[in-house]
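A.B. asks: I'd like to ask some things about the structure below.
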Amino acid sequence: MSRVFVSLDTSALALGAERVAQAIAAEAKQRGAAVEIVRNGSRGLFWLEPLVEVEAGGQRLAYGPVAPRDVASLFEAGFLAGGAHALALGPTQDIAYLARQERLTFARVGLTDPLSLDDYRAHGGWRGLENALALAPAAIVREVTDSGLRGRGGAAFPAGTKWETVRGAGAEQKYIVCNADEGDSGTFSDRMLMEGDPFCLIEGMAIAGLAVGATQGYLYLRSEYPQAARILAAAIAKAREAGWLGADVGGSGRAFDIELRLGAGAYICGEETALLESLEGRRGIVRAKPPLPALAGLFGRPTAVNNVMTLAAAPLILERGAAYYRDYGMGRSRGTLPFQLAGNIRHGGLVEKAFGVTLNELLHDFGGGTLSGRPIRAVQVGGPLGAWIPPAQFDVPLDYERYGEIGAMLGHGGIVVFDDSVNMLRMARHAMEFCAEESCGKCTPCRIGSTRGVEVLDRVAANRDREAQLALLDSLCDTLLHGSACALGGMTPYPVLSALRHFPEDFGIGSQDHAP
């Protein structure tokens, strides 16, 4: 029987993967061909979706992008045996976009059936958890600390330090909370992993639970991810049935379980304390710190709140050791980050690379430049509150510290591309408007300052007392940066000031007139 792989990833489905899978099944039935259709995760080459793969000659061969109308000709060309066709791409692993990556966290995504425990085990699954079960909690934390793993959200806080704080907190009940509220524009790595390799996240959460002494985990998923919710719910049930969750994890006598919770569409709930408020059934409003969630988090108990990518890195670290993971990257930025190419880009998708890669490499070697064919003018890195990066800085290594030095951040690894038709004054206004729309309303700088910021930028656009308005904008951004209760208000100045710094002509001034 021939095995054919068609993605069930949300992006692939949006591009017609379900219709392609149905067309393959119907054509195979009509021709009397024995075909098993496996619904795998996406390889992350979105310009080639729907991507169809077939096992032939001991390897996976790719065809794409495939439309339902192409299916009959694929069968006629003998694609089940790797036949030549205009859509043939050769062995999947040899496609340059994939071959140049360092896929650690995403090693299985697109390769396996996401809900097959046998597939997961055959490709290294549960080995990290099994190793963790043989270690004392302090030794698990030490492995994560020594690996150099840092939070893959915005703050890049060392994961081992957070886990050690929770481990050392005196409490009978502790919690692991996975922040899967992936709300930044241009980001999709969390969703891709949850839909394409959900057991990896489950294993990572279980390892975290063992490390800190938590017996209960909560997976907080944004409600806009219905496909991920279905897959995660099924995966959690399968893992529990197989004994990898519950009262006796892996036959160890140690308990850890996971409950899936859906958010309600608030961007602010990506902030860890607002997320905890939401989990407790209240409106998502930022909490004051201290106390830190690591000491008094969910229901007042010590809680490790980690991003999906942080937890998903733990199984590999525990399987292969801290040194293996630490050997990737540069400086204090160790391991890899799944960069997500979006916006005006020819080859949009996911690129997992070690820290130190540059925007020039990602945008041109992988992304192929803009889809429009026009020059790239600006790239926003790190979500809607990330700084704008001009071409002059495209060779700065993507590293937490190096980006901090230029007034930018890596955040979740989202990269949104704009060509030379973009107006940066409008983008600065959008940042202020976004903050006003998504503010939880708790602190005055964010709640009121963002609204005033929109008004100031509108006056700049209308050339009404521009010099005085730009001075006011500087002062307003300083208040937001230093007076906001959380990163939403505190980071809104990043896109505004970087747009003003690098593209002053869009604000009606010369570069020498204003240097914030």
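A.B. asks: Run residue 1 past the list (1) modelled with pLDDT of 95 or more; (2) touching a strand residue (DSSP E or B) at 6+ places or on another chain (Cβ under 6 Å) and report the number of the one that doesn't hold.
C.D. replies: (1)
So that you can scan it fast, the table gives a plain yes or no per residue for (1) part of a loop (DSSP other than H, G, I, E, B); (2) in the same structural domain as residue 195 (by TED's automatic domain parsing); (3) of a type in the set (Val, Ile, Thr):
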position: 37; (1), (2), (3): no, no, yes
position: 69; (1), (2), (3): no, no, no
position: 73; (1), (2), (3): no, no, no
position: 85; (1), (2), (3): yes, no, no
position: 90; (1), (2), (3): no, no, no
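A.B. asks: When you scan the stretch 141-153, do you find a residue that is more than 23 Å from residue 319 (Cβ to Cβ) and out of contact with any Ser or Thr (no Cβ under 6 Å at 6 or more places or on another chain), even just one? Give the derivation first.
C.D. replies: First, the residues of the stretch 141-153 that are more than 23 Å from residue 319 (Cβ to Cβ): 153.
If we keep only those that are out of contact with any Ser or Thr (no Cβ under 6 Å at 6 or more places or on another chain) as well, we get 153.
Yes: one or more hits.
A.B. asks: Need the failing condition index for residue 220 against (1) assigned to a loop (DSSP other than H, G, I, E, B); (2) open to solvent by less than 40 Å² (accessible area, probe 1.4 Å), just the number.
C.D. replies: Against the list (1) assigned to a loop (DSSP other than H, G, I, E, B); (2) open to solvent by less than 40 Å² (accessible area, probe 1.4 Å), residue 220 comes up short only on (1).
Matching residues to (1) open to solvent by less than 10 Å² (accessible area, probe 1.4 Å); (2) within 17 Å of the chain's Cα centre (by Cα):
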residue: 359; (1), (2): yes, no
residue: 364; (1), (2): no, no
residue: 378; (1), (2): yes, no
residue: 382; (1), (2): yes, yes
residue: 391; (1), (2): no, no
residue: 394; (1), (2): yes, no
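A.B. asks: Go through (1) touching a Leu at 6+ places or on another chain (Cβ under 7 Å); (2) among the aromatic types (Phe, Trp, Tyr); (3) open to solvent by 40 Å² or more (accessible area, probe 1.4 Å) one by one and return the number of the condition residue 403 breaks.
C.D. replies: (3)
A.B. asks: If I filter the stretch 134-173 down to residues being farther than 19 Å from residue 321 by Cα and hydrophobic (A, V, I, L, M, F, W, C), which single residue comes out as most open to solvent (accessible area, probe 1.4 Å)?
C.D. replies: Applying the filter and picking the extreme gives 157.
A.B. asks: Same structure again: Does residue 128 meet the test of being touching a strand residue (DSSP E or B) at 6+ places or on another chain (Cβ under 6 Å), assigned by TED's automatic domain parsing to the domain that holds residue 234 and modelled with pLDDT of 95 or more?
C.D. replies: Answer is no for this residue.
A.B. asks: Another one. Filter the stretch 47-60 for residues that are open to solvent by 30 Å² or more (accessible area, probe 1.4 Å) and within 21 Å of the chain's Cα centre (by Cα) and give the result.
C.D. replies: In the first step, residues of the stretch 47-60 are kept if they are open to solvent by 30 Å² or more (accessible area, probe 1.4 Å); the result is 47, 55, 57-59.
Across the stretch 47-60, the qualifying residue is only 47.
A.B. asks: Within the stretch 372-391, can one find any residue that is β-branched (Val, Ile, Thr), assigned to a loop (DSSP other than H, G, I, E, B) and either closer than 30 Å to residue 158 by Cβ or out of contact with any strand residue (DSSP E or B) (no Cβ under 8 Å at 6 or more places or on another chain) (or both)?
C.D. replies: No.
A.B. asks: Mind telling me which of the residues 38, 71 ends up being touching a helix residue (DSSP H, G or I) at 6+ places or on another chain (Cβ under 6 Å) and either closer than 24 Å to residue 362 by Cα or not aromatic (Phe, Trp, Tyr) (or both)? I'd like the intermediate steps shown before the answer.
C.D. replies: Values: 38 fails: touching a helix residue (DSSP H, G or I) at 6+ places or on another chain (Cβ under 6 Å).
One residue alone meets the criteria, 71.
A.B. asks: Of everything in the stretch 224-254 that's in a loop (DSSP other than H, G, I, E, B) and open to solvent by 40 Å² or more (accessible area, probe 1.4 Å), which residue is nearest to residue 12 (Cα to Cα)?
C.D. replies: Among those that are in a loop (DSSP other than H, G, I, E, B) and open to solvent by 40 Å² or more (accessible area, probe 1.4 Å), it is 224.
A.B. asks: I need the helices (runs of 4 or more DSSP H) fully contained in the stretch 409-516, keeping only those with at least 2 residues that are open to solvent by 50 Å² or more (accessible area, probe 1.4 Å) and out of contact with any Lys or Arg (no Cβ under 6 Å at 6 or more places or on another chain).
C.D. replies: Where helices (runs of 4 or more DSSP H) fall fully within the stretch 409-516 and carry at least 2 residues being open to solvent by 50 Å² or more (accessible area, probe 1.4 Å) and out of contact with any Lys or Arg (no Cβ under 6 Å at 6 or more places or on another chain), they are 424-438, 444-461, 466-483, 493-502.
The values are calculated or read from the model by the stated rules, or taken from the named source; none is laboratory data. Because the structure is a prediction, the values reported are computed rather than measured. Positions of Cβ are backbone-derived with ideal geometry, glycine not excepted, and every protein chain shown enters the neighbour counts. Surface areas here come from the heavy atoms of the whole protein model, side chains and all, with no ligands, DNA or RNA. Shrake-Rupley method; radii C 1.70, N 1.55, O 1.52, S 1.80 Å.
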